[in-house]
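The values are calculated or read from the model by the stated rules, or taken from the named source; none is laboratory data. Remember, predicted model here, so these are calculated numbers, not experimental data. Heads up, the Cβs are rebuilt from the backbone with ideal geometry, glycines too, and the neighbour counts pull from every protein chain shown. The protein model used for the area step is the full one, side chains on, heavy atoms only, and it has no ligands, DNA or RNA in it. Shrake-Rupley method; radii C 1.70, N 1.55, O 1.52, S 1.80 Å.
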Amino acid sequence: MSAPWNELMPIFEWLVENLSSLFEPMATLIATFIGAWLAFKYQSRLEGRKELDARVDAGNRVLFQLAGNISWLVNTKRQLIDPFRERPGRMFEMLPDLSPVPVGVLDFNSVSFLLRRKNADVLGEVLVETRKFQMAVSLQERRSSFYLSDINPRLERASIQHGQDVTETRMREAVGDISWYMLESITNHYVEQIDSTLESHLKLVPKLRGALIYAIPKGKFIDISLDSDGHAET
């Protein structure tokens, strides 16, 4: 038993003497690996935070765009449509309006990350609402342009002033049947489009906000409501 032990003693002595030198490279390697891993995790977390912040900003941008559209729709409805809505001669009493309007295009691509979430269908509604708003703006522009270029010159030639009490027969004679029906059709579509788009925009707000909160629970998203005057506020 003593012979093998005597043979192993030099090996154990060498290990004791060189133990620290053996472990130093390994410790350095482990420390380097841990440092690199921690740096990677920190960078990944930082990039993830930036991506989440970018998504929150994108969601709030679309909500803010919706608020702008709603404000325009409310103002148009209250100022240009509602005062004459129930009057038989409303198509002549509603003044043309060529004032600037919001772009109205909701930034669909910036919130496309919702496609991978439970409420992905809300993105389809964002596209629909963009088209509806653009149609409402287009109808207002077409109606205003038609009124100024066609109807107004005819009324001037007939010496009929805006707001003047005139019989339907005389108005028809002044503008002609074709222009009468065109203005009536455009006006009716215009009123319906403004009403419909305002209603569906207001319904989209809580749906979109709810989908964004579901996708990013810790995100802070603006809310939109109508104030006492009916204007959108965030």
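Data overview
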item	result
The lone exception for S159 - which of (1) modelled with pLDDT under 90; (2) part of a loop (DSSP other than H, G, I, E, B) it fails	(1)
Counted residues, segment 203-223 - those being in contact with a helix residue (DSSP H, G or I) (Cβ under 7 Å, 6 or more places away or on another chain) and closer than 17 Å to S112 by Cα	11
Identity of the residue in segment 162-171, in contact (Cβ under 8 Å) with a residue 24 or more places away in the chain and assigned to a helix (DSSP H, G or I), that ends up least open to solvent (accessible area, probe 1.4 Å)	M171
Residue identified as of a type in the set (S, T, Y), within 33 Å of the chain's Cα centre (by Cα) and either farther than 21 Å from P102 by Cα or not in a helix (DSSP H, G or I) (or both) among S145, S185, S200	S185
Residue in segment 83-100 that is at pLDDT below 90 and either in a helix (DSSP H, G or I) or under 30 Å from K207 (Cα atoms) (or both) present	yes
Segment 45-59, subset open to solvent by 60 Å² or more (accessible area, probe 1.4 Å) and within 14 Å of A215 (Cβ to Cβ), residue modelled with the highest pLDDT	D57
Pick from segment 130-160, criterion among the small types (G, A, S) and touching a helix residue (DSSP H, G or I) at 6+ places or on another chain (Cβ under 6 Å), ranking: farthest from H189 (Cα to Cα)	A158
Hits in segment 114-146 (condition: aromatic (F, W, Y) and open to solvent by 10 Å² or more (accessible area, probe 1.4 Å))	F146
Within segment 172-197, considering residues that are within 12 Å of M94 (Cβ to Cβ) and not acidic (D, E), the one most open to solvent (accessible area, probe 1.4 Å)	N188
